[in-house]
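The values are calculated or read from the model by the stated rules, or taken from the named source; none is laboratory data. Bear in mind the structure is a predicted one, so any value in this text is a computation, not a measurement. Every residue, glycine as well, gets a Cβ built from its backbone with ideal geometry; the counts of neighbours run over all protein chains shown.
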């Protein structure tokens, strides 16, 4: 009986150590969320392909024609509403993708277009999900 208990305990300890090792070496998976709803915001027009907004569609915005691999050196346009002059990186809550110019707009958690991503098709706006106040790069494709 004692030998069976020791064998069972050894088996459980081995299994726990394997599970623990797997938990340490397993890569984190990045999430991606489709956030688009039909609609557009008039300030994000054909001079820009996508915009990020400080909070609502009527707040300060930052516009791009192709994206940026590091939003840390970009600022919301001055005089455009609440949040104007603030750094874009880690400060946006919404995104829009201009109708008919881009096929898809993507906001990424990390610089270099990596990490979790929120995306939408052209002609849409949406509330950021994975990258809400955590966006570091933006791509328009």
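Residues in segment 56-69 that are over 23 Å from residue 103 (Cβ atoms) and at pLDDT 95 or above: 59, 60.
Residues in segment 65-82 that are free of Cβ contacts under 8 Å to residues at least 60 places away in the same chain and in a loop (DSSP other than H, G, I, E, B) were compared, and the one that is surrounded by the fewest Cβ atoms within 10 Å (Cβ to Cβ) is 79.
Residues in segment 88-105 that are modelled with pLDDT under 95 and either more than 14 Å from residue 51 (Cβ to Cβ) or part of a loop (DSSP other than H, G, I, E, B) (or both): 98, 99, 100, 101, 102, 103, 104. Among the residues making up segment 88-100, those that are over 15 Å from the mean Cα position of the chain (by Cα) and surrounded by fewer than 18 Cβ atoms within 10 Å (Cβ to Cβ) are 99, 100. Of everything in segment 51-64 that is within 18 Å of the chain's Cα centre (by Cα) and part of a loop (DSSP other than H, G, I, E, B), the residue that is nearest to residue 88 (Cα to Cα) is 54.
Give the residue that is surrounded by the fewest Cβ atoms within 10 Å (Cβ to Cβ), with candidates limited to residues of segment 7-37 that are modelled with pLDDT of 75 or more and not in a loop (DSSP other than H, G, I, E, B). My answer is 37. Within segment 106-126, the residues that satisfy the criterion of being part of a strand (DSSP E or B) and farther than 18 Å from residue 42 by Cα are 106, 107, 108, 109, 110, 114, 115, 116, 117, 118, 119. The single condition among (1) modelled with pLDDT of 95 or more; (2) buried (at least 22 other Cβ atoms within 10 Å of the Cβ); (3) part of a loop (DSSP other than H, G, I, E, B) that residue 85 does not satisfy is (2). Output yes when any residue across segment 38-50 is part of a loop (DSSP other than H, G, I, E, B), at pLDDT 90 or above and surrounded by 15 or more Cβ atoms within 10 Å (Cβ to Cβ), and no when none is. Checked against the condition, which is being part of a loop (DSSP other than H, G, I, E, B), at pLDDT 90 or above and surrounded by 15 or more Cβ atoms within 10 Å (Cβ to Cβ), segment 38-50 yields no hits at all. Does segment 115-138 hold any residues that are surrounded by fewer than 20 Cβ atoms within 10 Å (Cβ to Cβ) and either over 9 Å from the mean Cα position of the chain (by Cα) or without any contact (Cβ under 8 Å) to a residue 60 or more places away in the chain (or both), and which are they? Across segment 115-138, the qualifying residues are 121, 122, 123, 127, 132, 133, 134.
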